[in-house]
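A short worksheet on the structure shown next.
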């Protein structure tokens, strides 16, 4: 037994559990467990509880879902083999987790909000079907198969059609009340429609708990991370982490700025029950009639063979989905049969989550480099021996922060398992310690900034290590790169190399310095030819009249993103008014007032005004596309996605990540994927790029 205990204590991931299982049959006897010495079962339960805390409360998981599910399966196996030892170890884990943070008031669910039983193989699916056949006494069973959105679970309650509250899953019985934040999500209407867009009269329940998933689409996730990386800030690890961390912010302006989305996939309590359809397949249609978004695509299967074939077909199609998924949810279609089957303590008996395995590969860590962002945060990046994962060559992966490196004990020279989360984002999910070279040593975070050489710091309550030197050359470069980017004032042609040269020469130190550059600076410092130098000078001059919201966003004010910048621009109308504005009740105004109270920040804005920067207020809500909702899909011939989004927003339109009945137009490029099919199915107008440009012109 001592060998088993030492293995458990030595590691905290699957390798220790595999070792336990290999020795368990021969070595574990209930009599050997005592209160004085924790058993492998007790330690494994404690390990799972730690991961529950990291996943549910902190939105910072350190192992993959597959590894976590493996821990739970192995725990169940040990508890089954050694029930006496399990009893000595104490109460078993319930298995739902608990996402309550203590930052919000709590509310009870009318109907418990459960988790789902997991399946990973064809055998799991067939066993699930066999259980339902035995319970219902019939083999003629229809299933609905839906994408399993990888986001943050929420229950949204409407009373007589009016939105009254939103509550997290919590411990299944009660959760955090996040109503204020959920009101900022565009897909949550204040009232349900009584008449659908097709003229159908809707029955509105007296009370209904709609169960949904808050998520960030892949395009929005990539856009937000690109903005953070351009600023030198650590990228979010996964869309799920981003969604979970955002929805529990105490500042609703942050929630609105990150443009979360929501999909509704089920029901808790409903009074009266007759307001619901008889089959689950009709639920998404009903949700759409109420003016919300149901699951965008689902399929029907009868029996085990058709179920497995449908799951395989879905697995092949999921690469084109614009939203993050980690599998499929299989549900009994008949709602009356669902009620008959009921639920266990942790999950309904009539549903199963089938989890896909993310593509992985092993490779070597060649080095660990540090990026310094515009806010001074040092982000470590693993430089990898290039490896192909799912058809894509991966050579780098973010390590997020100092604590992550220490927790995973990642060393230069290590062989690591790399996964493409959602088949897009590279992430290190494990270290093969059996292949660790003798020369590998723990990575030591530097005590000084790699750019300016001054000491780094770690502020109270933060995991980030940052350089506090505002004049650090790396921070200056990143701030200017952000200012000239598409998210800022959009100075075309002024790239990182030119900015590096100008900063190194001491010619620019902040955004206002850009407007003092001469043609000779580009010729002498940047090494541009006469035509290019002329174009750069013209681009800087043109940027003086970009929309006010772009200057506000380009300044990089903390917690002021695209949405908040637009609202601030509408209220204040000019940089001069913005400078004179007092701190108001709006969260974004308070943040900006604090920012401008810093003398050096205020001087930058004053110098911008002195340099002749006169940005117009921009969209006041009366543009040619005002109120219309657009979805972009595929690659447009002449416009980037960012350019198309900017034109829509400048004309008063709204860009959404998914198609609903509220969608006005879908703009389609090359390789549009499933969104084109969804648009046709819902009768949404489809435009190519030429049609989109004509619409912008008011034709």
(request) With the checklist (1) over 32 Å from the mean Cα position of the chain (by Cα); (2) at pLDDT below 80; (3) surrounded by 13 or more Cβ atoms within 10 Å (Cβ to Cβ) in hand, flag the one item residue 607 doesn't pass. (result) (2)
(request) Please report, ordered by residue number, the strands (runs of 3 or more DSSP E) entirely within region 620-699 with at least 1 residues that are over 22 Å from residue 189 (Cα atoms) and either modelled with pLDDT of 80 or more or not assigned by TED's automatic domain parsing to the domain that holds residue 318 (or both). (result) 629-633, 665-668, 685-687
(request) Of the numbered conditions (1) buried (at least 21 other Cβ atoms within 10 Å of the Cβ); (2) part of a loop (DSSP other than H, G, I, E, B), residue 262 fails exactly one; give the number of that condition. (result) (2)
(request) Read through the list (1) touching a helix residue (DSSP H, G or I) at 6+ places or on another chain (Cβ under 8 Å); (2) more than 27 Å from residue 478 (Cα to Cα); (3) buried (at least 19 other Cβ atoms within 10 Å of the Cβ), then give the number of the only condition that residue 449 fails. (result) (2)
(message) Looking at region 268-278, can you tell me whether even one residue there is surrounded by fewer than 19 Cβ atoms within 10 Å (Cβ to Cβ), under 20 Å from residue 125 (Cα atoms) and either in contact (Cβ under 8 Å) with a residue 12 or more places away in the chain or touching a strand residue (DSSP E or B) at 6+ places or on another chain (Cβ under 9 Å) (or both)?
(response) no
(request) Collect the residues in region 286-327 that are buried (at least 16 other Cβ atoms within 10 Å of the Cβ), over 24 Å from residue 196 (Cβ atoms), more than 20 Å from the chain's Cα centre (by Cα) and at pLDDT 90 or above, keeping them in residue-number order. (result) 301, 304, 307, 308, 310, 311
(request) Determine which member of the set 383, 345 is outside the structural domain of residue 261 (by TED's automatic domain parsing) and surrounded by fewer than 18 Cβ atoms within 10 Å (Cβ to Cβ). (result) 383
(message) Suppose we keep only residues that are surrounded by 19 or more Cβ atoms within 10 Å (Cβ to Cβ) and either out of contact with any helix residue (DSSP H, G or I) (no Cβ under 6 Å at 6 or more places or on another chain) or under 28 Å from residue 650 (Cα atoms) (or both) within region 487-501. Which one would you say is modelled with the highest pLDDT?
(response) 499
(message) Just the residues that are within 22 Å of residue 289 (Cβ to Cβ) and within 21 Å of the chain's Cα centre (by Cα), please, taken from region 172-200.
(response) 182, 183, 185, 186, 187, 188
(message) Here is a check on your reading of the model: is residue 235 touching a residue at least 12 places away in the same chain (Cβ under 8 Å), in a loop (DSSP other than H, G, I, E, B) and within 30 Å of residue 374 (Cβ to Cβ)?
(response) yes
(request) Please work out if residue 129 is more than 23 Å from residue 260 (Cα to Cα) and under 31 Å from the mean Cα position of the chain (by Cα). (result) no
(request) Scan (1) touching a strand residue (DSSP E or B) at 6+ places or on another chain (Cβ under 8 Å); (2) outside the structural domain of residue 169 (by TED's automatic domain parsing) for the single condition residue 407 breaks and write down its number. (result) (1)
(message) Which condition from (1) closer than 21 Å to residue 153 by Cβ; (2) modelled with pLDDT of 90 or more; (3) out of contact with any strand residue (DSSP E or B) (no Cβ under 7 Å at 6 or more places or on another chain) is the one that residue 263 breaks?
(response) (3)
(request) Kindly list the number of the only condition in (1) free of Cβ contacts under 8 Å to residues at least 60 places away in the same chain; (2) surrounded by fewer than 21 Cβ atoms within 10 Å (Cβ to Cβ) that fails for residue 283. (result) (2)
(message) Suppose the filter is under 15 Å from residue 348 (Cα atoms) and part of a loop (DSSP other than H, G, I, E, B); does residue 101 pass it?
(response) no
(request) Within region 406-436, work out how many residues are farther than 13 Å from residue 363 by Cβ and at pLDDT below 90. (result) 8
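The values are calculated or read from the model by the stated rules, or taken from the named source; none is laboratory data. All figures in this text were calculated on a predicted structure; none of them were measured in a lab. FYI the Cβ positions are ideal-geometry reconstructions off the backbone, even for glycines, and counts take in every protein chain you see.
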